[in-house]
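Working notes, structure below.
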Amino acid sequence: MKMGKPKTSDTVVIAIDGPAASGKSTVARALAGRLGYRFLNSGDLYRAMTWACLQCKIDCHDIGAVASAAGQTQIEVGCDGSEYFPLIDSEDPRAHLRKEQVNANVSPVSAVPAVRYVVSAAIRAHATGRQTVIEGRDIGSAVFAETPYKFYIDAPAHVRQRRRRNQGQTEEIARRDLIDSTRETDPLTVAPGATVIDSSALDVTGVVAAMLAKLKEQGLSSAVYACSNG
Ligand code: CDP
C-alpha cells in the first residue's frame, strides 16, 4: 500500500560527514531528492569564507586576520530554484569556490574558531524549522549533534584521491584531511551514534538505499514513505 507523503514543519536534519572526496555531496543530494528535503553543502560556506579572505588579500594562515574578517563578513544561505548556496555580503561566490587557491586555503581558514562560529550559525539559521540533508565535517558531531540521523561516509585514501583526479583536480587531499581531523575546534570525527558507510564498496544508489533503510529503521516518516514508494 502506498503511503501519503508526510507533512511536517519540524526541524529534521540528516547529517552526512566524512573526509574529502568520500562521495558525500553526490549521496547527500540524491538522498535529499528521495526524501523531498533540502540539500546543503556546508563546505561551500567555508569555501565562500575563504574566497572572501582571498578577495581582501588576507593571509589565510594569520588566525587574527581571518577571525577579524569573519566578524566583518555577512554569510547566509541563498536560494536559486532548488539549489541552496552561500551568499557573502549578498554576493554569489559559486564561480570561485573550487579554484585551486580556495582548495589550498580552505582548511586553515576553517580551523579558525571565529569562522566556525559564524558558519555554524548560518547553517543552523537555514535548517531550523525545515527538513534538510546537510553534508560536511562536523554536522553530526557539533552543528546538529542532537539529531538522531547521522552518517559518516568514508573510503580508502587512494580511492578518494583517484576520484578527485577523475574530476580533473590535482589537489592532494591528504593535506586537507590532516588539518581537518587534527584541528582543535570541531575536528572531522565519527560522531557518536553515526552509521559508518564505506562508499568504495557501493555505488550511489547502494549508499542511498543503505541510508534509507537505516532511517526507516529509526522511524523517520519521510524515509518510510520514500521506501514504500520505490
Ligand atoms: O568537497 P570536499 O570534500 O573537497 O570538501 P568540502 O565539503 O567542499 O569542504 C571544504 C573544506 O571545508 C574542508 O576540507 C574543511 O576544511 C571545511 N569544512 C569544515 O571544516 N566543516 C564542514 N562542516 C564542512 C567543510
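The values are calculated or read from the model by the stated rules, or taken from the named source; none is laboratory data. What you see is a predicted model; the values in this text were computed from it and never measured. We place every Cβ from the backbone using ideal geometry, glycine too, and count neighbours over all the protein chains shown. In case anyone asks, the SASA skips ligands and DNA or RNA and just uses the protein heavy atoms, side chains included. Shrake-Rupley method; radii C 1.70, N 1.55, O 1.52, S 1.80 Å.
Among the residues of the stretch 136-173, how many are within 20 Å of ASP198 (Cα to Cα) and touching a Pro at 6+ places or on another chain (Cβ under 9 Å)?
Result for the stretch 136-173: 11.
Being open to solvent by less than 50 Å² (accessible area, probe 1.4 Å), within 30 Å of SER222 (Cβ to Cβ) and either away from the ligand (no atom under 12 Å from the Cβ) or small (Gly, Ala, Ser) (or both), is that true of even one residue in the stretch 158-177?
Scanning the stretch 158-177 turns up no residue that is open to solvent by less than 50 Å² (accessible area, probe 1.4 Å), within 30 Å of SER222 (Cβ to Cβ) and either away from the ligand (no atom under 12 Å from the Cβ) or small (Gly, Ala, Ser) (or both).
Could you look through the stretch 138-148, keep only residues that are open to solvent by less than 40 Å² (accessible area, probe 1.4 Å) and in a loop (DSSP other than H, G, I, E, B), and pick out the one that is farthest from ALA70 (Cα to Cα)?
Selected residue: THR147.
Given the criteria within 24 Å of TYR46 (Cβ to Cβ) and open to solvent by less than 20 Å² (accessible area, probe 1.4 Å), does SER199 qualify?
Considered against the rule, which asks whether it is within 24 Å of TYR46 (Cβ to Cβ) and open to solvent by less than 20 Å² (accessible area, probe 1.4 Å), SER199 comes out as yes.
Are there any helices (runs of 4 or more DSSP H) wholly within the stretch 154-219 with 2 or more residues that are among the hydroxyl-bearing types (Ser, Thr, Tyr), and if so which?
Correct list: 173-182.
Take the stretch 134-154 and flag every residue that is within 13 Å of the ligand (Cβ to nearest atom) and hydrophobic (A, V, I, L, M, F, W, C).
Result: ILE134, ILE139, ALA142, VAL143, PHE144, ALA145, ILE153.
Can you spot a residue in the stretch 107-115 that is open to solvent by less than 30 Å² (accessible area, probe 1.4 Å) and in contact with a Ser or Thr (Cβ under 6 Å, 6 or more places away or on another chain)?
Checked the stretch 107-115: at least one residue is open to solvent by less than 30 Å² (accessible area, probe 1.4 Å) and in contact with a Ser or Thr (Cβ under 6 Å, 6 or more places away or on another chain).
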